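One structure below.
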Amino acid sequence: MNIRTIRYGLWAAIAALGLFLAGAYGLGKFQSGNVTAELGAPFNLVDQDGRPITEKAFEGHPSALFFGFTHCPDVCPTTLYELAGWLNQLGDEGKDLKAFFISVDPERDTPDVMKAYAGNFTDRITGITGDPAEVAKLILGWKVYARKVPLDDGGYTMDHTASVFLLDRNGRLKGTIAYGENPDTALQKLKRLVEG
């Protein structure tokens with residue numbers, strides 16, 4: 001190996017490290033809740049009690065949004081269980097925080113199904129479902145990934161974004177809680193959200 005090859009390799013490694021650090025810095029800022037983003041879209045759906053609900057439900061208080069479905073085998077029940085625990089840990093400090101469970105599978109997730117499912121975790125999580133076309137608009141507006149996946153038995157499951165979206169009092173994205181995130185870190189993000 002000659003000196004020239006070593007020099008090029010060294011410069012390539014330095015450049016790669018720089019790109020990695022820049023990306024990690026940017027990701028860390030996003031995950032720490034220091035970002036704002038314009039996401040969302042107008043929608044007309046129903047809550048778990050069959051009452052009309054629109055994007056205005058995400059304004060006037062901090063909110064936590066989770067997109068999932070009631071037939072989910074692992075991510076959704078785990079996330080809702082953790083979210084219920086964090087709401088409980090926040091106590092009075094988090095009394096203004098509203099939590100929403102938005103169905104990515106409205107064909108099966110009726111209001112009654114959503115109410116029963118969310119109620120297994122806490123009465124502080126409001127289920128949102130409705131017309132599939134309206135749900136699709138909401139999913140698209142929040143840039144959420146959701147895709148129906150056929151199963152061998154003829155049924156289906158859903159692949160979907162697994163993060164909890166954290167919104168400020170104006171309904172703007174302030175950060176996320178990743179699936180499997182350290183519980184103490186997640187709780188601190190929620191505390192910062194309700195303090196803001």
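Overview of values
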read-out: Residues being farther than 14 Å from R108 by Cβ and either outside the structural domain of D96 (by TED's automatic domain parsing) or surrounded by 18 or more Cβ atoms within 10 Å (Cβ to Cβ) (or both) - total across the stretch 150-162; value: 2
read-out: Filter pass, T54 being in contact with a Ser or Thr (Cβ under 9 Å, 6 or more places away or on another chain) and hydroxyl-bearing (S, T, Y); value: no
read-out: Strands (runs of 3 or more DSSP E) (entirely within the stretch 40-108) containing at least 2 residues that are touching a residue at least 40 places away in the same chain (Cβ under 8 Å); value: 44-47, 63-68, 98-103
read-out: Flag if T157 is in a helix (DSSP H, G or I), among the hydroxyl-bearing types (S, T, Y) and out of contact with any Asp or Glu (no Cβ under 6 Å at 6 or more places or on another chain); value: no
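The values are calculated or read from the model by the stated rules, or taken from the named source; none is laboratory data. Because the structure is predicted, anything quoted here is derived from the model rather than measured. Every residue, glycine among them, receives a Cβ derived from its backbone with ideal geometry; neighbour counts consider all protein chains shown.
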